[in-house]
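Structure, as structure tokens:
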């Protein structure tokens, strides 16, 4: 009887492991927000010469973080000023999102990236700021994410004489690593064994 229980547990574990390993990787939305600006008079980003800056300290930026189940109303963000280093290429940097004081303040999400790509002059769907070699961290952000990506889609370009300003919406995604899925399988096995 005891050996049958062990064999049954092993079969269940191997079945769960096979399902997780053979399942295609599915990206999950890490964080997203709709454009908080009413028009181009309140931009989120500015390209001036070879410097690209961004941030938001106003209201109406509702940062949805589906991976943690949080929604932070009136969030803000800051970004390390970036340098244009080549055709559409930007230097490495970081972006930090903060909760509003009404939500207790503090860091909501940090994004680090080794490089970025900027396509600001398409005046349409191709107006973007994308990160390369991205890492998400912050309260509640699970460890073990892979294929992390983010993108800002620009709108309302305004020529400033030395460059442009833009409003933007934002999305980001990542895939849980296979090791995390195996741990989830082990947790399911433990739950089945208790029954």
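The values are calculated or read from the model by the stated rules, or taken from the named source; none is laboratory data. Treat the numbers as computed from the prediction; the structure is a model and nothing was measured. Here Cβ is always computed from backbone atoms with ideal geometry, including for glycine, and neighbour counts include all displayed protein chains.
Tabulated values for the structure
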{"read-out": "Condition check for residue 59: over 25 Å from the mean Cα position of the chain (by Cα) and at pLDDT below 95", "value": "no"}
{"read-out": "Restricting the range 156-182 to residues that are part of a strand (DSSP E or B) and more than 17 Å from residue 42 (Cα to Cα), the residue that is modelled with the lowest pLDDT", "value": "176"}
{"read-out": "Extreme residue, modelled with the lowest pLDDT, among residues of the range 40-52 that are assigned to a loop (DSSP other than H, G, I, E, B) and more than 21 Å from residue 63 (Cβ to Cβ)", "value": "40"}
{"read-out": "Sole residue being at pLDDT 90 or above, at negative phi and either out of contact with any strand residue (DSSP E or B) (no Cβ under 9 Å at 6 or more places or on another chain) or part of a loop (DSSP other than H, G, I, E, B) (or both), chosen from 111, 141, 95", "value": "141"}
